[in-house]
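Computed from the coordinates by the stated procedures, all read-outs in this text should not be read as laboratory data. Please read all numbers here as calculations on a predicted model, not as lab measurements. Positions of Cβ are backbone-derived with ideal geometry, glycine not excepted, and every protein chain shown enters the neighbour counts.
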């Protein structure tokens, strides 16, 4: 069963983004807990990797399923520009409630947010404006609390809800959407689920979703024909 927020997203995404194209799949998307990047050129936290010299070792790619205890690979790819990195960063940006949506020709991560709430301020901009680190942290915390409070009730105030694209590629860039399960972690009824989006450049992104979202994406099957 879809959540009220998912239902609101499905109502808005057509006029806001898809236009005349029917939505073939949609799913809420968020960060996989205890996860990390396995991308050449990035640290496990997804930050640019600084190499002291060309002799420094690059990322070591573990074999699929070879996950250290309690940690999971959420993004794997050959470099920072791979499709999986863009997808995962858009889904975990925290700007609003993220959703993956698919039409016959397009694949996107979109944000459902409250247009009446001022976006959380950027830390770098606040520091440049002055006020010191403690004041900046305080303003960031207030902004975060304000956004979370708004999102918790966004389904009750559809008149102020907007859907905005955060990342988009052609539909044929997605080669498969499949269920992924954390090893040794039971899937409870009504609980979170995980989906793996595999792209044609060989990269993949694993996202946290729910039962309805997983079923919607998994029903897509493989890459479109034609």
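Side notes on the structure shown:
- Each residue, residue 21 and residue 159, gets one label point 7 Å from its Cα in the Cβ direction; the gap between the two is 3.3 nm.
- Of interest is the spacing of the C-alpha centroids, which for segment 68-97 and segment 171-204 amounts to 12 Å.
- Burial order of peptide ranges 74-83, 5-14 (average beta-carbon count within 10 Å, highest first): 74-83, 5-14
- Packing around the peptides 15-22, 110-117, taken as the average count of other Cβ atoms within 10 Å per residue, puts them in this order, highest first: 110-117, 15-22.
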